[in-house]
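A short worksheet on the structure shown next.
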Amino acid sequence: MKKVLKKIKLCWKGLNWRFDNRFDRPEIWESLLVKDKYEIWTTVGGNPINCYSFWYWDEKVLYIWWIHWNEIWTVKLMKRWANLLGSDLGLFPKSCLEQKQIFVIPVLNVDGYKKAKNTPDYLNWGKFWKINFNGVDLNRNFPTTNWEKEACFFSSWKENYVSGGSSPASEPEVKALLDFINAQKIQTIYAFHNCRWTVFGRWENYEKDKKDYSLEKKVRDYSKFSKYRVFSEVEWKALKKKLKTGHMMSWAKENEIQVIEVETNTRWWSEWRRNKGALINSLKI
Ligand SMILES: [Zn+2]
């Protein structure tokens, strides 16, 4: 029985590897985007972290695909987005071409991405590649007041412990991102994950009885176009504290940066059609 299960597991892995690497593998159109590309830092494993930049105006918007565990589909989605930004200007409103500068970082955790591509690990929900080469979950390594060395994430219907780093922002990937955000004075970030089917932004501030209406609009619009539901502040508050240490959404709130966290629907394809309209619309706000 064990042998049969092992064989099924192997077949399943093989099929998924083939599906990932053969049937849906959009690549950056290097020749088209070469003028827009630059490296912002290197990872622990020595791989360059690439950024693509489009147009050059005051209002800066960043689109970032992490990557977490096995979220390689967010990278595929991004590659399509960068190619579209670099090629078809007819799609975008003139007002945004004269106001915004758009940055796209396809993959922050490049080391993890390369590993995950070779070892999809779908049967374990890809949880082993949630981390970088230092074994740190980058989404628990942000410099927040609630940062902890030992962090926690929810996967496979249970809580799993993972490193939040040796200190806040100890990891080069997170440092690279924070430096970039500071240097460019970025105020709006769209961050992508798989796969909870939600859009989330922290526009509510119960203490001051104040709301950030423009962030609320960005979240609700993305939800409307993508059909991912809005994840509410109440739901966020209901999450256990240990699941939110050093988290990007805690950092966003403390630093008053607008972060729109998009969790796509599945880990099985890039959901380009669903996201394309929402992404184009996000440039109009
Ligand atoms: Zn994630």
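Of note:
- Residues in the range 144-170 that are exposed (fewer than 13 other Cβ atoms within 10 Å of the Cβ) and of a type in the set (S, T, N, Q): Thr145, Ser156, Ser166, Ser167.
- In the range 257-285, the residues that are in a helix (DSSP H, G or I) and crowded, with 19+ Cβ neighbours inside 10 Å: Asn275, Ala278, Leu279, Ser282
- Residue in the range 31-40 that is under 28 Å from Ser170 (Cβ atoms), touching a helix residue (DSSP H, G or I) at 6+ places or on another chain (Cβ under 6 Å) and surrounded by fewer than 23 Cβ atoms within 10 Å (Cβ to Cβ) present: yes
- Search result, residues across the range 35-54 that are at pLDDT 85 or above, more than 17 Å from the chain's Cα centre (by Cα) and not in a strand (DSSP E or B): Asp36, Val44, Gly45, Gly46, Asn47
- Residues of the range 56-75 that turn out to be modelled with pLDDT under 85, surrounded by 14 or more Cβ atoms within 10 Å (Cβ to Cβ) and over 21 Å from Phe133 (Cβ atoms), as a count: 1
- Which listed residue, of Leu84, Leu32, Leu62, is over 21 Å from the mean Cα position of the chain (by Cα) and among the hydrophobic types (A, V, I, L, M, F, W, C): Leu32
- Selection status of Glu173, surrounded by 18 or more Cβ atoms within 10 Å (Cβ to Cβ) and at pLDDT below 95: yes
- Residue in the range 89-105 that is farther than 14 Å from Tyr190 by Cβ, β-branched (Val, Ile, Thr) and touching a helix residue (DSSP H, G or I) at 6+ places or on another chain (Cβ under 6 Å) present: no
- Each residue in the range 235-256 was checked for being in contact (Cβ under 8 Å) with a residue 60 or more places away in the chain and surrounded by fewer than 17 Cβ atoms within 10 Å (Cβ to Cβ), and 5 pass.
- Selection from the range 57-92 of residues that are in a loop (DSSP other than H, G, I, E, B), away from the ligand (no atom under 11 Å from the Cβ) and in contact (Cβ under 8 Å) with a residue 24 or more places away in the chain: Trp57, Asp58, Phe92
- For the range 164-219, taking the residues that are more than 16 Å from the ligand (Cβ to nearest atom) and hydroxyl-bearing (Ser, Thr, Tyr), the one that is nearest to Leu77 (Cα to Cα) is identified as Thr188.
- Flag if Trp251 is among the hydrophobic types (A, V, I, L, M, F, W, C), in contact with an Asp or Glu (Cβ under 9 Å, 6 or more places away or on another chain) and either at pLDDT 95 or above or more than 16 Å from the ligand (Cβ to nearest atom) (or both): no
The values are calculated or read from the model by the stated rules, or taken from the named source; none is laboratory data. All of these numbers come straight from a predicted model, not from anything done at the bench. Counting neighbours? That spans all protein chains shown, and the Cβs are built from the backbone with ideal geometry, glycine included.
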